[in-house]
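Following: one structure in structure tokens, then a few remarks.
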Amino acid sequence: MKIVSACLMGCQCRYDKKDNRVEQIEQLVKEGKAVPVCPEQLGGLPTPRPPAEIVGGDGFDVLDGKARVIDDRGNDVTADFIQGAQQALRIAQTAGAAEAVLKERSPSCGSAAIYDGTFSKTKRTGVGVTAALFIRNGIAVTSEEN
């Protein structure tokens, strides 16, 4: 069983109420081989919502209290991102998922790259909050780009 970012199976749950549908990932869900999650919605954030980026580090730093998740209006949404990651982990563990395919560059789901916190579309190496929590709990994380 795998966990997949819900936007990758076609759910319009991105911050801008769009999706990032990947046919192969949608097929995994149809076949009962994957469970879709949107950590940001699970954390209580609305759709659509202001875009957010990690400031001061990456998802591991957020989990350790060393970085924050801030939206483009200056609101601190760190608690929502952590709550969503915890709920996504609960779903993954309940489903017996050993791996996850998550949306690259997302502040929740990025597995190799995230935006740098300046809202300038500049990317940096790092993982999102949910990806970090999954990794810490033994769930292998890749992206739709792998």
field: Among residues of the stretch 1-25, those that are in contact with an Asp or Glu (Cβ under 7 Å, 6 or more places away or on another chain) and among the β-branched types (V, I, T), counted
entry: 2
message: Restricting to the stretch 123-137, name every residue that is in a loop (DSSP other than H, G, I, E, B) and open to solvent by 70 Å² or more (accessible area, probe 1.4 Å).
response: N137
Search result, residues across the stretch 1-27 that are buried (at least 17 other Cβ atoms within 10 Å of the Cβ) and either of a type in the set (S, T, N, Q) or modelled with pLDDT under 95 (or both): S5, N20
message: Yes or no: the stretch 86-95 includes at least one residue that is within 24 Å of G138 (Cα to Cα) and in contact with an Asp or Glu (Cβ under 6 Å, 6 or more places away or on another chain).
response: no
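The values are calculated or read from the model by the stated rules, or taken from the named source; none is laboratory data. In this text the structure is predicted, and so the values were computed from the model without any measurement. Cβ coordinates were reconstructed from backbone atoms using ideal geometry, including for glycine residues, and neighbour counts include every protein chain displayed. Keep in mind that these areas ignore ligands, DNA and RNA; they rest on the heavy atoms of the full protein, side chains included. Shrake-Rupley method; radii C 1.70, N 1.55, O 1.52, S 1.80 Å.
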